[in-house]
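This report concerns only the one structure given below.
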């Protein structure tokens, strides 16, 4: 189990306490105040509050949560379903794991609020298969909820509010973090993303009206209901309210999780993580997980919110901050990155299946000192024929980090070609 | 497929609006019998789910955590994605390859250990990480890794 975050706020305030993982301890800490308030209101009023809070999805795309909820059909003769994306597999991201391990009831309370608002009878929490401890924590929490009749035919004693939650384990595939790949996988198929439209609200899990939200997104919801929209919006930025758990990894003194308001300057996040290890100089930072373009040290004053990062050429993604010091060979980073995306491409779109292979081959060739000027220009061209050309955003996710590395560290690539070897002798081993 | 495995799988059906939703959990249960899913297991699953064996195999082969070939008695995986690599995971994997005398992806001759590398395991802040028979060992160095491996029978 992960240790509690180094910096806490409302979400992780009790993550140091083991009793917070039990129903009794959660309730003692003020848990279920949000769902109780929600049940005293109409479903529409609840959705309106989530809309007004400005909560944005914490799974990478940053879509407005309340708006997403409002896409669910009001009247439906088919069962409505909520699917929770706990497939966290973005390299650099480990916040959902923390929330599932240390605050499982926060997620489940958020789901029940969503279920009331959307009239959903069933939820599936899809957790990546490798996350054994989070699955245990969630399963134990669901059992406790059932035993206490907070879950079942009349949740929290509310007549007509029927809901059940199923914990479902994935089996090791990055693409299942993509919302429709996840739905295919939940249906017992290969996790190959679907063409949209139709969107999940019309045709989701098992063809039923479905809303998919990330684990962390649901964990914030109880606090919005309990403490109010104003309170929630007093943290973070106008366009990205609230906090998130930034995961800092790589070459820092104190890697780990830091719960901070969205918009916190990247420099401050790095400072809290103890700065670059051994007093070395910073070379680059990937601010939002491996899919997001790298930033050079000159961009450290950027605020960690999507609307602030996008104009600087990157994205918030999942808030996984990967730090690389001056010893780092950026061609090696490109090799590891492109290997990952080649390995995880689901293979259904040509641009992605072939493109990821080309990217990896070219990066490897250059790293081994066998690359030519032509290879480098091909490496520049390949991402542009992948981006925006495929069924899902995976091809973009594979293209962007390579484009970012080429934009800011092209000299590293050129040096390999000029010297016919990797000139970074102190870099991490491949 | 053992009768008790079949019963466990049948108990899962009601959790999903369509039977097939239970396929991933069902594969885990069949796999638990001997550590991998053989042709008989695939056929039994196909029959139980009303699918063709090839449809089962398609799912089996798509996911990293399902095995359609015999495995070592223990799985030792090292995460080698960027955050772990930055903190020495690849040196650790090379060290284990030399120590166990196998390449990543292979099984030791005595059938004791299948060594592998894996993509991000969500331990970026506690890198490097080993996943041994499903359990995480975080913040490990080579000495730790050797101790962990030596303890496997």
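The values are calculated or read from the model by the stated rules, or taken from the named source; none is laboratory data. All of these numbers come straight from a predicted model, not from anything done at the bench. Cβ placement follows ideal geometry from the backbone for every residue including glycine, while neighbour counts extend to all protein chains displayed.
Of all residues in the range B:31-43, one or more are farther than 19 Å from residue A:87 by Cα, within 12 Å of chain A (Cβ to nearest Cβ) and assigned to a helix (DSSP H, G or I). Regarding residue B:107, is this residue assigned by TED's automatic domain parsing to the domain that holds residue B:142 and either over 16 Å from residue B:152 (Cα atoms) or over 17 Å from the mean Cα position of the chain (by Cα) (or both)? No. Taking the listed residues A:74, A:149, A:159, the one that is in the same structural domain as residue A:223 (by TED's automatic domain parsing), touching a helix residue (DSSP H, G or I) at 6+ places or on another chain (Cβ under 8 Å), surrounded by fewer than 19 Cβ atoms within 10 Å (Cβ to Cβ) and assigned to a loop (DSSP other than H, G, I, E, B) is A:149, with no other qualifying.
If the condition is being more than 14 Å from every other protein chain (Cβ to nearest Cβ), touching a strand residue (DSSP E or B) at 6+ places or on another chain (Cβ under 7 Å) and in a helix (DSSP H, G or I), then the range B:100-143 contributes only B:100.
For the condition touching a strand residue (DSSP E or B) at 6+ places or on another chain (Cβ under 6 Å), surrounded by fewer than 24 Cβ atoms within 10 Å (Cβ to Cβ) and not assigned by TED's automatic domain parsing to the domain that holds residue A:349, what is the one hit in A:215, A:166?
On inspection, the qualifying residue turns out to be A:166.
Summed over the range A:302-348, residues that are within 23 Å of residue A:257 (Cβ to Cβ), out of contact with any helix residue (DSSP H, G or I) (no Cβ under 6 Å at 6 or more places or on another chain) and free of Cβ contacts under 8 Å to residues at least 40 places away in the same chain total 1. Determine, yes or no, whether residue A:79 is within 14 Å of chain B (Cβ to nearest Cβ) and touching a residue at least 60 places away in the same chain (Cβ under 8 Å). Considered against the rule, which asks whether it is within 14 Å of chain B (Cβ to nearest Cβ) and touching a residue at least 60 places away in the same chain (Cβ under 8 Å), residue A:79 comes out as yes. Looking at (1) assigned to a helix (DSSP H, G or I); (2) touching a helix residue (DSSP H, G or I) at 6+ places or on another chain (Cβ under 9 Å); (3) under 30 Å from residue B:91 (Cα atoms), can you tell me which one residue A:351 breaks? Unmet for residue A:351, out of (1) assigned to a helix (DSSP H, G or I); (2) touching a helix residue (DSSP H, G or I) at 6+ places or on another chain (Cβ under 9 Å); (3) under 30 Å from residue B:91 (Cα atoms): (3). Within 9 Å of chain A (Cβ to nearest Cβ), within 19 Å of residue A:339 (Cβ to Cβ) and in a strand (DSSP E or B), is that true of residue B:94? No: the conditions fail for residue B:94.
Hey, can you tell me all the residues within the range A:161-182 that are within 9 Å of another protein chain (Cβ to nearest Cβ) and under 18 Å from residue A:105 (Cβ atoms)? Of everything in the range A:161-182, those that are within 9 Å of another protein chain (Cβ to nearest Cβ) and under 18 Å from residue A:105 (Cβ atoms) turn out to be A:164, A:166. Kindly establish whether residue A:29 is surrounded by fewer than 24 Cβ atoms within 10 Å (Cβ to Cβ) and farther than 20 Å from residue A:116 by Cα. For residue A:29, the condition - surrounded by fewer than 24 Cβ atoms within 10 Å (Cβ to Cβ) and farther than 20 Å from residue A:116 by Cα - is met. Of the residues that make up the range A:332-346, is at least one closer than 15 Å to residue A:402 by Cβ and part of a loop (DSSP other than H, G, I, E, B)? Checking the range A:332-346: at least one residue is closer than 15 Å to residue A:402 by Cβ and part of a loop (DSSP other than H, G, I, E, B).
If only residues of the range A:103-124 that are within 12 Å of another protein chain (Cβ to nearest Cβ) and in contact with a helix residue (DSSP H, G or I) (Cβ under 8 Å, 6 or more places away or on another chain) are counted, the one that is nearest to residue A:163 (Cα to Cα) is A:121.
Applying the criterion of being facing another protein chain (nearest Cβ under 10 Å) and part of a loop (DSSP other than H, G, I, E, B) to the residues of the range B:44-70, the residue that is nearest to residue B:18 (Cα to Cα) is B:51. Assess whether residue A:367 counts as being within 14 Å of another protein chain (Cβ to nearest Cβ), touching a residue at least 60 places away in the same chain (Cβ under 8 Å) and surrounded by fewer than 18 Cβ atoms within 10 Å (Cβ to Cβ). No: the conditions fail for residue A:367.
Identify all residues within the range B:74-89 that are assigned to a helix (DSSP H, G or I) and touching a helix residue (DSSP H, G or I) at 6+ places or on another chain (Cβ under 8 Å); write none if there are none. Listed by number, the residues that qualify are B:82, B:83, B:84, B:85. Taking residues in the range A:33-60 that are closer than 29 Å to residue A:320 by Cβ, and partners anywhere that are assigned to a helix (DSSP H, G or I) and at pLDDT below 95, not one pair has Cβ atoms closer than 9 Å while being at least 6 places apart or on different chains. Looking only at the range A:186-208, residues that are more than 7 Å from chain B (Cβ to nearest Cβ), touching a helix residue (DSSP H, G or I) at 6+ places or on another chain (Cβ under 7 Å) and not in a loop (DSSP other than H, G, I, E, B) come to 1 in all. Scanning the range B:126-144 for residues that are more than 18 Å from the chain's Cα centre (by Cα), surrounded by 15 or more Cβ atoms within 10 Å (Cβ to Cβ) and in contact (Cβ under 8 Å) with a residue 24 or more places away in the chain gives B:127, B:128, B:140, B:142. Residue under question is residue A:248, and the condition is that it be crowded, with 24+ Cβ neighbours inside 10 Å and out of contact with any strand residue (DSSP E or B) (no Cβ under 7 Å at 6 or more places or on another chain); does it hold? In short, no.
Of the residues making up the range B:11-18, not a single one is within 21 Å of the chain's Cα centre (by Cα) and either surrounded by 18 or more Cβ atoms within 10 Å (Cβ to Cβ) or part of a helix (DSSP H, G or I) (or both). Would you tally the residues in the range A:69-99 being under 26 Å from residue A:135 (Cα atoms) and at pLDDT 95 or above? Total satisfying the criteria: 21.
Out of A:232, A:199, one residue alone is at pLDDT 95 or above and surrounded by fewer than 20 Cβ atoms within 10 Å (Cβ to Cβ). It is A:199.
Scanning the range A:88-99 for residues being more than 10 Å from chain B (Cβ to nearest Cβ) and either in contact with a strand residue (DSSP E or B) (Cβ under 6 Å, 6 or more places away or on another chain) or without any contact (Cβ under 8 Å) to a residue 40 or more places away in the chain (or both) gives a total of 0.
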